[in-house]
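The values are calculated or read from the model by the stated rules, or taken from the named source; none is laboratory data. Computed from a prediction, not measured in an experiment: that's the story for all the values here. Because the Cβ atoms are built from the backbone with ideal geometry, glycine has one as well, and the counts that use them run over all protein chains shown.
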Amino acid sequence: MADDARPIIIKRIKKVSGGAHGGAWKVAYADFVTAMMAFFLLLWLLNSTSKEQKEGLSEYFSPTTASTNSSSGSGGILGGVSLNTDGAQASAVTVSIPTTTTEINSEDDEDSEKKSEEKKYAEQVAKKEQAYFEKMSDSLKVAIQQNPELAQLKDQVLIDITEEGMRIQLVDKDNRAMFRPASADLYQYAEKLIRKISTIVVKMPNRISITGHTDAKPFTSRANYSNWELSSDRANATRRVLSSSGVSANRIAEVLGKASTEPLLPDRPMRAENRRITILLLRESPTLPPDFM
């Protein structure tokens with residue numbers, strides 16, 4: 001029965017260290033040889049290509065720039081020339097990147113044309129506005145001269161056309177002031193003069209700036225009250241007369257008091273003519289029509 005017992009087989013696995021006979025060095029050697037081949041190939045390419053071809057290679061592999069000049073031979077890899085296996089040059093198809101110079105020039109031309117048309121339109125509007133100001137200025141002068149009560153004040157009404165617009169100035173004279181001394185109370189004839197001016201102003205669409213001016217004589221009649229307050233109050237008094245005469249409040253752009261900072265006669269700051277009210281009808285920026293261009 002002992003012969004029928006199954007034999008016991010023991011397998012022993014012998015571990016053999018790779019040592020100098022392992023295969024890992026082959027992988028490292030293969031990587032080294034591949035790298036050397038790539039390095040020598042690069043040296044050969046650098047030595048066998050021209051400067052223009054090198055620039056073409058640089059532009060081709062640049063992530064932010066691309067060459068679009070196909071006439072110089074640097075628009076593709078090796079300037080449109082490829083190398084075959086034996087080092088000879090072989091023809092290749094060069095793909096160039098289409099430029100948008102024509103489109104850019106076209107847009108620039110359109111912008112220039114539009115700006116030119118806008119400039120012409122603005123000039124036409126300015127000429128019409130200038131003619132309109134001159135017409136209204138003549139109408140106002142005639143209206144004052146035809147009024148017997150106001151005709152004697154015509155020398156105290158100065159009308160001119162400036163870069164800012166049509167300016168109407170009501171100036172004092174030694175023997176005739178527009179306001180009572182040291183106050184913002186208009187004389188009756190001065191109020192009538194402003195109302196006559198409003199009959200012309202109300203027909204015009206322009207916004208209005210009203211400014212009060214004084215002479216250089218210090219104001220001492222009241223405490224904490226100076227020519228600044230006096231000139232502002234006189235400008236506001238003028239505004240109230242214009243508004244009560246039919247001039248829309250929406251047209252009043254500003255009401256200013258400048259004291260004696262802008263004298264009418266700079267070389268004679270104490271003269272009565274420096275005390276004045278300026279009514280300025282402002283030039284308006286031309287508005288382009290909806291169908292323009």
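Going by the structure shown, is Asp267 part of a loop (DSSP other than H, G, I, E, B), exposed (fewer than 13 other Cβ atoms within 10 Å of the Cβ) and at pLDDT 95 or above? So Asp267 fits the description; yes.
Can you report the number of residues in the range 224-260 which are assigned to a loop (DSSP other than H, G, I, E, B) and touching a strand residue (DSSP E or B) at 6+ places or on another chain (Cβ under 8 Å)? Qualifying residue count, the range 224-260: 4.
The single condition among (1) at pLDDT 70 or above; (2) surrounded by 14 or more Cβ atoms within 10 Å (Cβ to Cβ); (3) of a type in the set (Gly, Ala, Ser); (4) more than 28 Å from Ala177 (Cα to Cα) that Ala126 does not satisfy is (2).
Here Val202 meets each of (1) touching a helix residue (DSSP H, G or I) at 6+ places or on another chain (Cβ under 6 Å); (2) among the aliphatic types (A, V, I, L, M); (3) surrounded by fewer than 19 Cβ atoms within 10 Å (Cβ to Cβ) with one exception, condition (1). When the range 203-245 is filtered for residues that are hydrophobic (A, V, I, L, M, F, W, C), under 27 Å from Asp138 (Cβ atoms) and at pLDDT below 95, only Met204 remains.
Going residue by residue through the range 240-258, is there one that turns out to be surrounded by 21 or more Cβ atoms within 10 Å (Cβ to Cβ) and over 38 Å from the mean Cα position of the chain (by Cα)? Checking the range 240-258: not a single residue is surrounded by 21 or more Cβ atoms within 10 Å (Cβ to Cβ) and over 38 Å from the mean Cα position of the chain (by Cα).
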